[in-house]
Ligand SMILES: C[S@@+](CC[C@H](N)C(=O)[O-])C[C@H]1O[C@@H](n2cnc3c(N)ncnc32)[C@H](O)[C@@H]1O
């Protein structure tokens, strides 16, 4: 087995609520022994998978490679164990490194001290063996080392990403409350959308959701615009494997004729979205419209709407209720045949949408706990005809039954159209575009 094919433990970090979509991304890339953890997914794979996870996983914030785990009940044990790691495999005296420490519920109580003690152990190992030592560079290190200690259990890892992977490299500007790019991509993946039907965000702000949607639809690697990953400075970096991965990903970029639309009532914020879209090279793929949400007419169904409306921190309760009522009215009137997804930390406001959610996930937008709710907007659905009412026997009068049959026929026509234009499976009444998605919590 060549060195590059040796499998090791890898951990991909993410936001709470996105672990399962990330695990699915890793499974598709070939990860083995996948374990869903809190805000992380652990798996095994080789060097090539480590590079791919950095470059292609949309729901990952950071990819780390654990190199040692041990019990460290005090600083002497920590020093001894860190010094015992074969640092020559990862560093030489001409390399630079940095150590980031984080401690919780442990006898070593200060994160900075944890980092300092670990750094001393690494330096002493080199100095004792060679009389020389690698230098520390906090900002631009060749090797970034993480030391985490929880309940005295310590793990030492190498950070293969560098900057957080949400910094995709296309953002030129932001609006008042931009979505984190990883959260935006994770929301789209949670909705089950895979770029096979139209997409719209009617309150798109700086355009994060439409941009992430377009990158999914065109199969553009999440890391396409990232200039350098930390693993490119590693001692064992293999430029040939890396180039091959980038070439393959480039070959897999596809055309897509679906419509991806962003709209917002603010022309000023749409200019920011335009700049971001241009930086991502997606001007041809995303349309922007200045519009109030109540006036938005989406492209023909089937389609998916994903949006991140204001949560009301700076808005009066009556205004926020009105806004969410308007969103609900727009969905009922204009989004028939759509699956609609809304994230908000304002649980009361969500009720003003006036529709029963068919799906619900708990997510965090920064520190705010949010509900991410999905609604199925069936043809002909009205408030009293909730989207989840799909069975003919749930209707009672002959008139209702007749209307149900007509709705069902219309849905069948959409399914046919979907199948013809995208080659996807028939879209049954409870299915969203795309075939599989993780089970909800
Ligand atoms: C939380 S921000 C969206 C941020 C966006 N997801 C991003 O990543 O930049 C909410 C957006 O809704 C827009 N908005 C608020 N009320 C609106 C309305 N009635 N119609 C259309 N857009 C509205 C605001 O201008 C703002 O850009």
Practice problem: Hey, can you tell me all the residues within segment 299-315 that are at negative phi and within 13 Å of the ligand (Cβ to nearest atom)? | Solution: 305, 306, 307, 308, 309, 310, 311, 313, 314, 315
Quiz item: In the set 241, 269, 277, 258, which member is more than 16 Å from the ligand (Cβ to nearest atom) and in a helix (DSSP H, G or I)?
Solution: 241
Quiz item: Is one or more of the residues making up segment 28-43 under 29 Å from the mean Cα position of the chain (by Cα), farther than 22 Å from residue 154 by Cβ and in a helix (DSSP H, G or I)?
Solution: yes
Quiz item: Could you say whether any residue in segment 150-165 is within 12 Å of the ligand (Cβ to nearest atom) and either under 30 Å from residue 105 (Cα atoms) or not in a strand (DSSP E or B) (or both)?
Solution: no
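Condition check ((1) within 12 Å of the ligand (Cβ to nearest atom); (2) more than 17 Å from residue 339 (Cα to Cα); (3) in the same structural domain as residue 21 (by TED's automatic domain parsing)) across all residues:
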position: 185; (1), (2), (3): yes, no, no
position: 191; (1), (2), (3): no, no, no
position: 194; (1), (2), (3): no, no, no
position: 199; (1), (2), (3): no, no, no
position: 203; (1), (2), (3): yes, no, no
position: 210; (1), (2), (3): yes, no, no
position: 214; (1), (2), (3): no, yes, no
position: 229; (1), (2), (3): no, yes, no
Quiz item: When you look at residue 17, is it within 14 Å of residue 65 (Cβ to Cβ), surrounded by 16 or more Cβ atoms within 10 Å (Cβ to Cβ) and in contact (Cβ under 8 Å) with a residue 24 or more places away in the chain, yes or no?
Solution: no
Quiz item: Which residue pairs have Cβ atoms under 7 Å apart, sit 6 or more places apart or on different chains, and have a first residue in segment 322-341 that is in the same structural domain as residue 377 (by TED's automatic domain parsing) and over 13 Å from residue 357 (Cβ atoms) and a second that is away from the ligand (no atom under 15 Å from the Cβ) and assigned to a helix (DSSP H, G or I)?
Solution: 337/414
Quiz prompt | Of all residues in segment 280-298 being more than 9 Å from the ligand (Cβ to nearest atom) and within 17 Å of residue 329 (Cα to Cα), the one that is surrounded by the most Cβ atoms within 10 Å (Cβ to Cβ) | solution = 298
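The values are calculated or read from the model by the stated rules, or taken from the named source; none is laboratory data. Please read these numbers as outputs of a predicted model, since none were measured by experiment. Glycine also receives a Cβ, built like all others from the backbone with ideal geometry; neighbour counts cover every protein chain displayed.
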